[in-house]
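Take a look at the structure set out below.
The values are calculated or read from the model by the stated rules, or taken from the named source; none is laboratory data. Keep in mind it's a predicted model, so treat the numbers as computed, not measured. Positions of Cβ are backbone-derived with ideal geometry, glycine not excepted, and every protein chain shown enters the neighbour counts. Accessible surface is based on the protein model in full, side chains and every heavy atom, while ligands, DNA and RNA are left aside. Shrake-Rupley method; radii C 1.70, N 1.55, O 1.52, S 1.80 Å.
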Amino acid sequence: MWVSSGAPKAPLAEVLPGFWLFSTLSDVMGTKEMNEIAMTVRTPQGLAVVVGCSHPGIEKVLEAATKIDARVYSVFGGFHLVDVSDAEVSSIVTRFRDKWKFERVAAGHCAVEFAFSGINRVFGAKFDRAGVWTVIALPR
Ligand SMILES: [Fe+2]
């Protein structure tokens, strides 16, 4: 059962203690009105947000997650940067560090190679590639 967060286009639900599902609606051309479900897990150091393909925009998904907790420890999954300029990808990666202050980033399939290298350059050992069977430990 969805519990309204007060924002009609961003319902969220705590499905297990500390585990939330929430949705975000895309207003991006090409995926407009596509609804996307993401998951987040509460850790002692903030949320670990797990995204699918981020069609609404990775930062829009992250903004929705901050309704649960303002502190985001990490983000995992596809960031859908396929139609984004290299300059904007660089800006997003910089905001991952300076605005979002992620402790870890695990980029997946649609984050594109340019973003992989940028995240790797900025986050170094705190960067992981998200993929099938990838196991990433979370703070407990
Ligand atoms: Fe994607």
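Points worth noting:
- With respect to (1) hydrophobic (A, V, I, L, M, F, W, C); (2) surrounded by fewer than 16 Cβ atoms within 10 Å (Cβ to Cβ); (3) part of a loop (DSSP other than H, G, I, E, B), the lone exception for residue 114 is condition (3).
- If the condition is being assigned to a strand (DSSP E or B) and crowded, with 23+ Cβ neighbours inside 10 Å, then the range 49-71 contributes 49, 51.
- Among residues of the range 10-33 being within 16 Å of the ligand (Cβ to nearest atom), hydrophobic (A, V, I, L, M, F, W, C) and in contact (Cβ under 8 Å) with a residue 24 or more places away in the chain, the one that is least open to solvent (accessible area, probe 1.4 Å) is 25.
- Search result, residues across the range 81-95 that are open to solvent by 50 Å² or more (accessible area, probe 1.4 Å) and within 10 Å of the ligand (Cβ to nearest atom): 82, 83
- So residue 122, is it away from the ligand (no atom under 16 Å from the Cβ), out of contact with any Gly (no Cβ under 9 Å at 6 or more places or on another chain), under 25 Å from residue 21 (Cβ atoms) and not in a strand (DSSP E or B): no
- If you go through the range 117-140 and pick out every residue that is at pLDDT 90 or above, open to solvent by 60 Å² or more (accessible area, probe 1.4 Å) and not hydrophobic (A, V, I, L, M, F, W, C), you end up with 5.
- First in the range 34-48 and closer than 13 Å to residue 74 by Cα, second anywhere and among the charged types (D, E, K, R) and assigned to a strand (DSSP E or B), Cβ under 9 Å, 6 or more apart: 48/42; 48/104
- For the condition within 14 Å of the ligand (Cβ to nearest atom) and either within 16 Å of residue 112 (Cβ to Cβ) or not in a helix (DSSP H, G or I) (or both), residue 36 qualifies.
- If the condition is being at pLDDT below 95 and surrounded by 17 or more Cβ atoms within 10 Å (Cβ to Cβ), then the range 34-48 contributes only 36.
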